[in-house]
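Chemist: The structure is given below, and queries will be raised subsequently.
The values are calculated or read from the model by the stated rules, or taken from the named source; none is laboratory data. Model, not experiment: these values are computed from the prediction. All Cβ positions, glycine included, derive from the backbone under ideal geometry; neighbour counts span all protein chains shown. Ligands, DNA and RNA are excluded from the accessible area calculation, which covers all protein heavy atoms including side chains. Shrake-Rupley method; radii C 1.70, N 1.55, O 1.52, S 1.80 Å.
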Amino acid sequence: MSNKKTADLDFAFSRRTAIAGAAGGLVWAGLVARLFQLQILEQEQYRQQAEANHIKLQLAPPQRGRILDRFGRPLASHRRAGRVSVIPEQTDNPERTLAQIAELIEIPDDKLERLANDIRYNRRRNAAFVPVTIANELTYEDFARMNVHEAEIPGLNVEMALTRSYPRGRDFAHVLGYVARASQDDLTRLTDGMTGKEAETLKTMFRHPDMRTGRQGMERFAEEWLRGKPGYRKLVTNAHGRIIEEIPDERLAPMPGRDLFVTIDSDLQRVAIERFAGESGAAVVMDVETGDVLAMVSTPAFDPNDFVNGISSANYAELRDDSRSPLYPRAHGGVYPPGSTFKMVVATAALEAGVIKPEERVHCNRYYHFGNRTWHCWKPGGHGSVNMHQAIKGSCDVYFYEIARRTGVDKIAETAHKFGFGESWVLGMTGGRSGLVPDREWKQRVRKENWYEGETLNFGIGQGQLGVTPLQLALMTARIATEGKPFKPRMIGIGPQSDEDQVLDAPLDQEIMARMKAGMYGVTSEGGGTAYRSGDLGLGGPRLAGKTGTAQVRRITREERASGIRKGENIARELRDHALFVAYAPADDPKYAISVIVEHGEGGSSTAGPVARDILHYALKTDSRRKPAYSQSASLSPNLSDEGEPT
Amino acid sequence: MSRDGYTGFSRGEARTRTATSLSFETQGPLDKFMRLPWGFILLIAAMALTGIAMLYSSAHTNPAESHLWRLQLIRFGVCFVMMIALGLLPLSWWMRLAFPAYVGTIVLLVLVEVMGFSGGGAQRWLRIGPIGVQPSEFAKLAVTLALARYYQMVLQPQTGRILVHLGAVAIMVIPAALIFIQPDFGTTLALLASGAVVIFLAGLSARVILTGIVGGVASVWPIYQFVLAPYQRERVDTFLAQLFGGATNALGESYQIEQGKIAIGAGGLNGRGYLQGIQSQQDYVPEQHTDFILTVIAEEFGFIGTTALLIGFAVLLGWSLYSAGRSASWFGRLASAGATATIAFYIVFNVGMVLGLLPVVGMPLPLISYGGTAMLTTMACFGLILAAHMHRDEKLTARGLF
């Protein structure tokens, strides 16, 4: 009886086991079907998603073009430097990441907070992939140590980066300017006139730690030429965004910026700076035939390398407050009274106006009375009776008081403009100033006063309101040396040319210019010349022709003149006069024009003259103006620019 | 008592088996060891070693996880020895252990509530000496044993009533409720599912089963609405959204499912090759060394490899079910079938989850996923299956509680 029941139960169990097994088989078949769907039917879709998953395009900054001198020597290039940064999207806790980094390298406490804010800012700004730089210029030890710890600290990124470098240091600070991280102001300026999308791309690119923008000088002027176009890096990343490898792709590579050649001879520049021997001043050397600027010296200067990664406020304050003004671009932005170097302009104006004949004599007994005041000549006892040649040679002030009075302020001003005064010469730099050539209209407009005749007398000897830059003095000298031929100065050999075609082509009478040259030759090479000792270039033949000048830093009081205390140790250095000298060489076949100013150097002939002579000596000896390295490629420029043009 | 009436064995066969059974006590331990189903055991070992190889593949690029495969290998070695030892244990011993183990598990589950610690958002862990354990894992085996023991006690030819099964439901529901409040929805479900299979096999009438199914379907919405915690509800939402192709939050729950599916789909027919999986090697799939290890296999060995794995599981489970059917005692049958069901539901829940067919419930893949407790449970289940197989003719007469 129980057997039957038991048998039923057992049979039921077997049947139900079979049902369970069949159900399980169905489920298994369902799983395999799903696998088939995912792996076979939808395979392609998932493969593509897997690709898209791990391949990322990262904005790659272009390498900035170099700046080279006329012989191809780099003035601005790159060097490799270790850099530590944090990639915001790879860390959830910026403070902790920074604290971990700070255990390995030194980070100032106040900077930590700012960096944490920067990291947060990038995350919010949808730029979480843009690294925030923690430290640049790592020492080898620091770099190696950070590399070891890179994997442990979330978000830490250690790499070798290309950093803008100025191998000539201070030599070209005022010509090249410097680059820096783009500030908000920079971005506003750079994106001016762009469409929204272009501007956004540019801004994103400039957030990259490798990107710099020109802040001053040629770096700023030629920004677009040098910058290049950004590209992309094709990166294989893991789920955390860590880069596993890079897939090279030529089509995506950034387009590097173009190299820029300047006309300067960096060796001549160096020699000129050394010749200043620590004195403050400026010098500009030009090739009078081509208009090439061969040297553009302003000293002292700052080191642009200090600015590339941001200069500390303390260091900047030190530069700014330095009494010798290293930030001041004297050569093209420094405005000085030209003193007696201006006398060729006054003489030219007088001859053009026809108010005096070259041989007409003016008597100089040191005093010149006009109205109820008395003007003085620099030479105690006076020059006696002088004609124009003698007046230039001996720099007779009385003669120039007289012809300036006869010529009138407006005519002198007109002539001064023909020599390049009163105009800002860009030449691919920033910071150039126009100086000031005063005239009646200016006085009326700015000062709301009438012009006093007495001011014309000061104008006649290059003092008073008149302000010129050393660059303008070199241009004047070049115009005289070329006897008035049209003259186009330039400093960019290959690169973006300045928009306004600045050229000196106002007509100057060749005969008058020849007289000026003769006068300048007299200064350095004839008895009675104010710089007789500076005429010989020491090259066994070629001589230079020049003109001395003294720029008053302050008025000389009557008492001082009476007591004879005018020079040397007796007055404070910063009150001493500036010494000027302009010259061209060789005197019989001019190739080079130069202007030199030695601040507080006192005597044009004693300090500035020898500096000019030594610079010209070097330029002639080494033939600084010889054919530049880029002239070969310049003739092939269509090809070159095709290659360099962004497509 | 003759058995041939229902087994269908010829008399001769039955005699032989009876003789084997009778000579049981006279056999040496070595003989018994040699009679273990070695094909089954070697398949288990092969699959576990495959799992360790996949664990190496998924974790070797990550310094924090690259040593895990060695740990898992040691665990497997220990559990493997344990499984064989358990397999040699007579069923009478298992039966004696069933209720104490069940009561002990209930105590542990209560202790978890009182003094356990949390991990992964739920209070599941209990610290015993130096190791942390999840009593909910042991509950699966304990409930299976207890149910089998219960039916062995009550299932008589004359007791075909429905009321008998109410006791089984109670045995199952008490630990299930304790696990549910941890909360651990996945384990609760797995426990109820394998318990239900045992009750089904024990002969619950078809009418009741149908009623149960209807009731279960009807209670889906109330459970979703009133019983599930918000994070659990979110999982279900995510699951439904991805199942029907809707938009999901790519960085939340569905990120894991999506990345898992990409890894699986990208594997294609042949896979990318061992250690070559892009998704797997570069950490795109979270938890890929534990619950999502199948994605690594699918990406690196493709449809062929994954199907082979599922076939391997099917062979293990099919043989187990077959073996359960050959057991003479209700305890042996139901314990073995219950253990089989427990492992089967692990697999179904895990694979269904990884393939995006089921919500993410946090269930490891037996033998393959990294994790100690799951390995212990799985191997103990196989030990029980082996024991039922080895002692399929053992006569169990126990009627009392012990």
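Chemist: Once both axes come from the Cα atoms, what is the angle between helix A:397-407 and the longest principal axis of chain A, in degrees from 0 to 90, rounded to 10?
Modeler: 80 degrees
Chemist: Shifting gears a bit: Per DSSP helix of 4 or more residues, -39500 (n - 2.57); summed, then divided by the residues of the protein assembly as shown. What does that give at 222 nm, rounded to the nearest 500?
Modeler: Using -39500 (n - 2.57) per qualifying helix, the result is -15500 deg cm²/dmol.
Chemist: Please list, or write none, the lysines whose alpha carbon is within less than 30 Å of the alpha carbon of residue B:32, excluding same-chain residues fewer than 8 places away.
Modeler: Those lysines meeting the cut-off are B:140, B:395.
Chemist: How many partner chain Cβ atoms sit within 10 Å of a residue's Cβ in peptide B:165-174, on average, as a whole number?
Modeler: Mean inter-chain Cβ contacts per residue within 10 Å come to 0.
Chemist: Kindly report, to the nearest 10 Å², the accessible surface of residue A:606 as traced by a 1.4 Å probe over protein heavy atoms only.
Modeler: 70 Å²
Chemist: Determine, at each q value in 0.06, 0.10 (inverse angstroms), the log₁₀ of I(q)/I(0) that the Debye formula gives when each Cα of chain A is one equal point scatterer.
Modeler: -0.46, -0.95
Chemist: I would also like to ask the following. Just to confirm a number: summing +1 for Lys and Arg and -1 for Asp and Glu over residues other than residue A:253 whose beta-carbon lies under 13 angstrom from that of residue A:253, what do you get?
Modeler: Summing Lys and Arg as +1 and Asp and Glu as -1 gives +1.
Chemist: Compute, for residue A:598, the solvent-accessible surface of its heavy atoms (probe 1.4 Å) with the complete set of protein chains present, and express it in square angstrom to the nearest 10.
Modeler: The accessible area comes out at roughly 10 Å².
Chemist: Any chance you could run the full-extension gain for residue A:148 through residue A:274? It's 0.36 nm times the residue separation minus the Cα-Cα distance, nm to one decimal.
Modeler: Difference between extended and current length: 40.8 nm.
Chemist: Quote the FRET efficiency, to the nearest 0.05, computed for residue A:244 versus residue B:181 with a Förster distance R0 of 45 Å and r equal to the Cβ-Cβ distance.
Modeler: Here the calculated transfer efficiency is 0.50.
Chemist: Simple spin-label model, 7 Å along Cα-to-Cβ: residue A:113 to residue A:253 in nm?
Modeler: Roughly 4.6 nm, to one decimal.
Chemist: Under 21 Å Cα-Cα from residue B:261, which lysines qualify once same-chain neighbours fewer than 8 residues away are excluded?
Modeler: A:56
Chemist: Give me the percent of the accessible area of the protein assembly as shown that comes from carbon and sulfur atoms, probe 1.4 Å, all protein chains in place.
Modeler: 57 percent
Chemist: A plus B alone minus the pair: what accessible area, both sides summed, probe 1.4 Å, in Å² to 100?
Modeler: 3800 Å²
Chemist: Setting aside same-chain residues fewer than 8 positions from residue A:393, which lysines have a Cα under 26 Å from its Cα?
Modeler: Counting by Cα, and skipping residues close in sequence, residue A:393 has these lysines nearby: A:343, A:357, A:379, A:411, A:418, A:485, A:517, A:547, A:567, A:591.
Chemist: Quick one: what are the phi-derived ³J(HN,Hα) couplings along the stretch A:277-284, Karplus 6.51/-1.76/1.60 with θ = phi - 60°, whole Hz, x for glycine and proline?
Modeler: Here the 3J(HN,Hα) series is 6, x, 6, 7, x, 8, 8, 10 Hz.
Chemist: I would also like to ask the following. Only sites in a loop by DSSP and with at most 16 other Cβ atoms within 10 Å count here; which GluC sites (Glu not before Pro) in the stretch A:260-316 make the cut?
Modeler: A:289
Chemist: Using a Förster radius of 30 Å, what is the FRET efficiency between residue A:363 and residue A:553 based on their Cβ-Cβ separation? Nearest 0.05, please.
Modeler: 0.50
Chemist: Something else: Quick one: grab the alpha carbon gyration tensor of the stretch A:57-262, order the square roots of its eigenvalues as a ≥ b ≥ c, and give me rounded if a/c is under 1.5, else prolate or oblate depending on whether a/b is larger than b/c.
Modeler: The shape class here is prolate.
Chemist: On to the next question. Give me the net charge of residue A:460's neighbourhood, meaning all other residues with Cβ under 13 Å from the Cβ of residue A:460; Lys, Arg count +1, Asp, Glu -1.
Modeler: 0
Chemist: Keeping all protein chains in place and using 1.4 angstrom, which order do A:524, A:133 fall into by accessible surface area, from largest down?
Modeler: Putting A:524, A:133 in descending order of accessible area: A:133, A:524.
Chemist: Taking only protein heavy atoms and a 1.4 Å probe, what accessible area per residue, in Å², does the protein assembly as shown have with all protein chains in place?
Modeler: Solvent-accessible surface per residue comes out at 44 Å².
Chemist: Taking K and R as +1 and D and E as -1, what net charge do the other residues with C-beta under 12 Å from the C-beta of residue A:17 add up to?
Modeler: +3
Chemist: Which distance in nm do the two modelled labels at residue A:128 and residue B:96 give, with both placed 7 Å along the Cα-to-Cβ direction?
Modeler: Reported label-point gap for residue A:128 and residue B:96 is 6.1 nm.
Chemist: Exactly which trypsin sites (Lys or Arg not before Pro) in the stretch A:92-184 are in a DSSP loop and have at most 14 other Cβ atoms within 10 Å?
Modeler: Hits after loop and neighbour filter: A:125.
Chemist: With each pseudo-label sitting 7 Å past Cα toward Cβ, what's the residue A:71-residue A:447 distance in nm, one decimal?
Modeler: 4.8 nm
Chemist: Need one word for the stretch B:42-390: rounded, prolate or oblate. Basis is the Cα gyration tensor (sqrt eigenvalues a ≥ b ≥ c); a/c below 1.5 gives rounded, then a/b vs b/c decides.
Modeler: Judged from the Cα gyration tensor, the stretch B:42-390 comes out prolate (a/c at least 1.5, a/b above b/c).
Chemist: Okay, next question. Using a Förster distance of 30 Å, how high is the FRET efficiency between residue A:184 and residue A:488, based on the Cβ-Cβ distance and rounded to 0.05?
Modeler: 0.20
Chemist: Need the per-residue list for the stretch B:280-306: every residue with at least 40 Å² less accessible surface in the complex of protein chains than in the chain by itself, probe 1.4 Å, sorted by number.
Modeler: B:282, B:283, B:284, B:303
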